[in-house]
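First comes the structure, then the notes that go with it.
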Amino acid sequence: MTLERISGVNAGYVLELYEKYRQDPQSVDAATRAVFESWVPADAVRQDGAPPAATGATGDMRAIVGAVNLAESIRRFGHLAAQLDPLGSAQIGDSTLNPKTHGITDDDLKRLPASLVGGPPADHSSNAYEAIEKLRRVYCSTTGFDIAHLFVPAERGWMREAAESGRYLPALDPVSAEALLDRLTQVEVFERFLQRTFTGKTRFSIEGLDMLLPILDEIMAGAAGTGTRHMMLGMAHRGRLNVLAHILQKPYAQILAEFKDPIAVQMLRMDLGFMGDVKYHAGGTTESPAGGHMWVSMAPNPSHLEAVNPVVAGMARAAGTLADRAGAPIFDGAMTLPVLIHGDSAFPGQGIVAETLNLSRLDGYHTDGTIHIIANNQLGFTATPGESFSTSYASGLARGFKIPIIHVNADDPAACLEAARMAWEYRAAFHKDFLIDLVGYRRHGHNEGDEPAFTQPVMYKRINAHPSVRELFSASLAKHGTVSQEVADGLVKKHFTVLEQTFAALKPEEDFVAPIPTPAAPGLAAKTQTGVPIELLRDLNESLLSTPAGFHVHKKLERIRERKRAMLTSPGERTVDWGGAEELAFASILAEGTPIRLTGEDVQRGTFSHRHAVLHDAETGVEHVPLQQLPQARGSFEIHNSPLTEAATIGFEFGYNMQEPQHLVIWEAQYGDFINGAQIILDQFVTSGRSKWGLKPSLVFLLPHGYEGQGPEHSSARPERFLQAAADINLRLVNCTTAAQYFHVLRRQAALLESDPLPLVVLTPKSLLRHPAVSSTPQELTEGHFHSVLDDADALPRAKSVRRLVLCSGKVYVDLIGHERRASAKDVAICRTEQLYPFPNVALREVLDRYPSLTEVAWVQEEPSNMGAWEFMWPRLEELIGDRCGLRYIGRARNSSPSEGSSAWHQVNQKMLIELAFDLKTDMLSPSVVWSKPMRSLATATAKK
Ligand SMILES: Cc1ncc(C[n+]2csc(CCOP(=O)(O)OP(=O)(O)O)c2C)c(N)n1
Ligand SMILES: [Mg+2]
């Protein structure tokens, strides 16, 4: 009788069993046969047209059904009666765990065969009662198997079999028991030593959840033993120092030096923008102490809880990806294992948890399963579970993702280790996520300076009287004669001695090691030549345009592809549009051996239908990815439509990029406006990771940006947010106005991945994607490099008569040069700042020097004055201009919303600001568009004249 047969069992199942017995008594086991021999199920008899059954038989029938249903209830809901809380709080309970609910008594069960209960508990039981008691010990003791939500019978069956067989329960023989006690002692002594030595200093002690370490040991051993190459850890503050010390093997001396908080010489590298971070945010990498040539990494972590989850997932994905050959990359989940440790308040509360779980089964994102551990201390700062989540357990969210959940009492070492082994084995068997809800308590306040009894007086009375898991385990080992009290005391002394000796020998200034970032290579970006010979471009284009035999390209796409065929034939004509330039840039980067990963919402086609990187056979739907079929490629290409998610998808790409910095990793927004859904990832990882942790990200963001009357949420990628975070050369922000510039900036990024890596933010066009003014000549792709500033070629011959230099960036340039006033405005030159950060000081100075008669520089932008680049540009332009001439702002007035909500109103304002750009005389002011009063430098210049 298999476990799966029993799940969902009812009277029908018993009748079926009876029918089987009737046709062949040997087809059921002996005990069941014995029951069926002594009575006749009433319903079965009626089906046969035989006489009605005796009343006693109906009674037995009910008892059988009751027993079977009771067993099923225990399997499904037993966790509700399990003693999960080490502090002994009452269980939730469930009436279906009571025989009475099923109309039966213990005596009924004693009369029935154990086989009705089924599974391993039935094997050596003499009746159903005994089997039910065993079942209760499995499902209602210190482990709660929360698995009824699994939809795949094989997974549910595996879990039940694993639980009921006790296969993963560790045999705590003397050696491993002492080793476990030693580990628990090390974990506890570390915290007690820090408490004694640095009383009240924040360390976010693990105490109350000490079993987290042995659980990680067990998972690590499992991974190392089966050829995993890289285990990736992500966790918050709680217990992090302990994990860094004992899993990541961060030297005690370094940790103690960080507590001393010296001003170490290396830290004075403010010139490199290094600011460092608090000690419980650091990451690390080490060769696995469990052997097996495995690396263990802990991602650095911001305070923003759970934000690291997608980063770790991305790191794990990258670590398991082979990308050094043409075609699609190969992901091998056996090479990599992500482990995420969550807080019991943060897990249900932070949306990025759900976003990351949602990535776990998707083609471009899965990692063959993450092992999740909720470090559940039943509090979130001062908040209780009742204040923190609406689900029954902190882990409730995982149920929707069909993740098996084990709630386990953190005071039961054997049960905890069983959970860890099961997690590991389940992941290996099904390549899916697993969750351990480790239920413990928090021995001290939220941090060590906090008084928890202000808000949890009753709980803390209990905690103060509660022995540690080490003490409990040690007492139990002593009682059973496994490890004596003297040996246990000796372990405590041993671990204290190591710490005391390290502390005595500490030289904080020397032992402190700061992750200082290496400086960016000065001027390298400007020098990088990125042209590609026309022959190679033509070859690549040819390859991109070939399709497998019999492939039906959509008719409309065929026409576009026909145009592409002629794209490189006339070197001097503007035949290369944005999409064409991008595809050629990608192809040439792949040919140079750099793998590319491009993700984002609808990126395969492109939001504006401009990419078509994945072709679908118009008749069969079969896909063809030209960039994966390039004979010239020496690196893999992958492109995935992401789920409708910003924070987790960017976090994922950040992690991927950190792990594989040699890949060109690109994330594209649907519209740039939506990137602020990932503001935490941008602020906490992308822009500050260098300063805090010495990281060198090189992720690329493609952000459609530009004012086209589509309202406040389809206009702006919020460049001001990047500019505000820009410092010490931590990113590049560009706003390209030509296809060639985009081509060169992508190629420059790929070329600098190793020598000068920086995140690259590209503000990209929308309606302009196919605008003739944006298209480039083939020649522009074959020569030169990215230009941070593009001067006004038309104005240069009349440079002496130019009085106003209009500086702008991006799409507004096209509006300006398309205006009817452009031709007659001989005293106006229009210069594009294609790179906003790093501020192109040298290039802009050269531009200014070309116009000797300037009376003013006007910064023209579409965004309100408190947005866009103006407030960033203003002081820098002032410094650059000095007293040479004035500086004006022309653009929308300061506003709290990025743009007008009405297309008509947009057009009025847009028209007005373009006209003002050409108008040197009118001192017109409008409520929504500002021709600013002259800035300080004009006043200075005027005063001097
Ligand atoms: C996104 C975010 N919001 C708020 C905080 C402030 N904060 C720090 S710890 C904490 C409580 C966390 O509780 P829990 O997740 O249960 O972890 P524990 O501290 O109990 O281990 C809060 C609210 C934060 N760090 N991150
Ligand atoms: Mg908590």
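Read-outs: derived from the displayed coordinates by stated rules, not from any lab. Every value quoted in this text rests on a predicted model; they were computed, and no experiment measured them. Virtual Cβ from ideal backbone geometry, glycine too; neighbours counted across all protein chains shown.
For the reader, a short list of remarks on this structure follows.
- Value of [θ]222 nm, deg cm²/dmol, for the chain, DSSP H segments ≥ 4, -39500 (n - 2.57) each, nearest 500: -12000 deg cm²/dmol
- Net dipole in debye of the chain [+1 Lys, Arg Cβ; -1 Asp, Glu Cβ; about Cα centre; nearest 20]: 2240 debye
- Sorting Y837, Y460 from the fewest to the most surrounding beta carbons within 10 angstrom yields Y460, Y837.
- Length-normalised contact order of the chain in % [C-alpha pairs under 8 Å, at least 6 apart]: 10 percent
- For the pair K507 and S126, label points projected 7 Å from Cα toward Cβ lie 7.4 nm apart.
- Model label points for A904 and A514, set 7 angstrom from Cα along the Cα-to-Cβ axis, are 6.0 nm apart.
- Taking the Cα centre of the stretch 518-559 as reference, the dipole from Cβ charges on Lys and Arg (+1) and Asp and Glu (-1) amounts to some 220 debye.
- Once the Cα-Cα distance is subtracted from the 0.36 nm per residue extended length, the R111 to R361 segment shows a gain of 85.3 nm.
- Residues V458, V700, sorted so that the one with the fewest Cβ neighbours within 10 Å comes first: V458, V700
- Across the stretch 590-602, computed HN-Hα scalar couplings (Karplus, 6.51 cos²θ - 1.76 cosθ + 1.60, θ = phi - 60°) run 5, 5, 8, x, 9, x, 10, 10, 10, 9, x, 5, 6 Hz from first to last residue, x flagging Gly and Pro.
- Straight-line reach from K479: taking Cα to Cα under 18 Å and skipping same-chain neighbours fewer than 8 places apart, the aspartates and glutamates in range are D173, E178, D182, D411, D412, E471, D489.
- Fully extended contour minus Cα-Cα distance, from S546 to A725, at 0.36 nm per residue: 60.0 nm
- For the stretch 343-463, Kirkwood radius (reciprocal of mean inverse C-alpha pair distance, Å): 15.5 Å
- Cβ-based exposure ranking for R427, R611, in which fewest neighbours within 10 Å come first: R611, R427
- Temperature 20 °C, viscosity 1.002 mPa s: under these conditions the Stokes-Einstein estimate for the stretch 678-767, based on its Kirkwood radius over C-alpha pairs, is 154 µm² per second.
- R0 of 41 Å, Cβ-Cβ distance S392-V498: FRET efficiency to nearest 0.05: 0.45
- With the charge dipole of the stretch 378-513 set up from +1 on Lys and Arg Cβ and -1 on Asp and Glu Cβ about the Cα centre, the Cα lying farthest toward the positive end among the listed residues F503, F454, V483 is that of V483.
- In plain terms, the chain from S303 to R538 could stretch by 79.6 nm, reckoned as 0.36 nm per residue minus the Cα-Cα distance.
- Inter-label distance for S89 and R137, nm, one decimal - labels placed 7 Å from Cα along Cα-to-Cβ: 2.9 nm
- Nearby lysines by direct alpha-carbon distance to K527 (threshold 24 angstrom, same-chain neighbours under 8 apart not counted): K696
- Ellipsoid semi-axes in whole angstrom, largest first, where each is sqrt(5λ) of the Cα gyration tensor of the stretch 746-847: 27, 17, 13
- Calculated FRET value between E871 and D450, using beta carbons and R₀ = 45 Å, to 0.05: 0.65
- Note on K507: lysines with a C-alpha under 19 Å away, same-chain residues under 8 apart excluded, are K250, K260, K279.
- Against the empirical curve 2.2 N^0.38 Å, the C-alpha radius of gyration of the stretch 361-425 lands at a ratio of 1.30.
- Percent of C-alpha pairs per 10 Å bin in the stretch 564-673, short distances first: 13, 40, 36, 10, 1.
- For the chain: Kirkwood Rh in Å [reciprocal of mean 1/r, alpha carbons]: 32.0 Å
- The stretch 426-502 shape via C-alpha gyration tensor axes, a/c threshold 1.5: oblate
- Kirkwood hydrodynamic radius of the stretch 151-287, from the reciprocal of the average inverse Cα-Cα distance over all distinct pairs: 17.9 Å.
- Stokes-Einstein D (µm²/s) once Rh is taken as the Kirkwood radius of the stretch 539-626 over alpha-carbon pairs, at 25 °C in 0.890 mPa s: 176 µm²/s
- Among beta bridges that DSSP assigns inside the chain, antiparallel share in %, nearest 5: 25 percent
- Quick note on the stretch 594-638: its Rg to Rh ratio, both from C-alpha atoms and Rh being the Kirkwood radius, is 1.00.
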